[in-house]
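Participant: Below is a structure I'd like to ask you about.
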Amino acid sequence: MATNSMAISSGAEVRRITQGAVVVLGRFFFALIFLMAGANHFSKQSIGYAVSAGVRLASIAVPLSGVLAIAGGLSILLGYRAKLGGWLIVLFLVPVTLMMHKFWLVQDPMMAQIQMILFMKNVSMLGAALLISQFGAGPFSLDGRHSR
């Protein structure tokens, strides 16, 4: 009987470790785009592109959005105050999506399609950020360390 309970608990432990590894990988993949893109928000090219898209006060707004993206991305990646990190990403995505991907205003059909794809990509990431804002980082996170 002891052998069976050992096998059951060992299987549960393997499953827990596997699920935790998948969650860490998911956090990494999700955060990666914000960490990489956020760093670019301090360049003259990114600020210039935002100016051309009609963003007001782009020289302030674009670097500020970079700070939000990097802070939120790091928070989610590390799983430290990930619910707050999720809200930072929401705060980043809503204005960026609405200001930078106005596919409904683009005349060229190919460019309109590209902007719609980018808009929908951001909407899907917004959904993930909202989930993280409610459920947190999951296992193998700095937040999870406190709940043990």
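Participant: Just grab the label-to-label distance for VAL67 and VAL123, each label 7 Å out from Cα along the Cβ direction, in nm (one decimal).
Facilitator: 3.1
Participant: Something else now. Considering Cα pairs under 8 angstrom that are at least six residues apart, work out the relative contact order of the chain and quote it in whole percent.
Facilitator: This gives 25 percent for the chain.
Participant: If you don't mind, there's one more thing I want to ask. Measure off, as a whole percent, the carbon and sulfur share of the 1.4 Å-probe accessible area of the stretch 43-148, all protein chains present.
Facilitator: Carbon and sulfur atoms account for 73 percent of the accessible area of the stretch 43-148.
Participant: Could you give the length gained on full extension between ALA53 and VAL14, defined as 0.36 nm per residue of separation minus the Cα-Cα distance, in nm?
Facilitator: Once the chain is fully extended between ALA53 and VAL14, it gains 9.0 nm.
Participant: Could you calculate the contour length gain from PHE135 to ALA39, that is, 0.36 nm times the residue separation minus the distance between their Cα atoms, to one decimal place in nm?
Facilitator: My answer for the length gained is 31.9 nm.
Participant: Right, something else. Mind checking the full-extension length gain between MET110 and PHE28? Use 0.36 nm per residue of separation minus the Cα-Cα distance, one decimal, nm.
Facilitator: That works out to 26.4 nm of additional length.
Participant: I need the fraction of alpha carbon pairs in the chain separated by more than 24 Å, rounded to a whole percent.
Facilitator: Across the chain, Cα pairs with separations above 24 Å total 43 percent.
Participant: Compute the distance from the alpha-carbon center of the stretch 77-133 to that of the stretch 20-52, in whole Å.
Facilitator: Centre-to-centre (Cα) distance: 11 Å.
Participant: Per residue, what volume in Å³ does the Cα convex hull of the stretch 93-148 take up?
Facilitator: Hull volume over Cα atoms, normalised by residue count, gives 81 Å³.
Participant: Which of these, GLY79, GLY66, GLY26, has the largest mean-square fluctuation under a Gaussian network model of the chain (Cα springs below 10 Å)?
Facilitator: GLY26
Participant: Let me ask something additional. Under a cut-off of 14 Å between alpha-carbon atoms, report the aspartates and glutamates in cross-link reach of LYS44, not counting same-chain residues fewer than 8 places apart.
Facilitator: Candidates past the 8-residue exclusion: nothing left.
The values are calculated or read from the model by the stated rules, or taken from the named source; none is laboratory data. These numbers come from a predicted model, not from an experiment. Cβ sites come from the backbone with ideal geometry, for glycine too, and all protein chains shown count toward neighbours. These area figures cover heavy atoms from the full protein model, side chains too; ligands, DNA and RNA do not enter into them. Shrake-Rupley method; radii C 1.70, N 1.55, O 1.52, S 1.80 Å.
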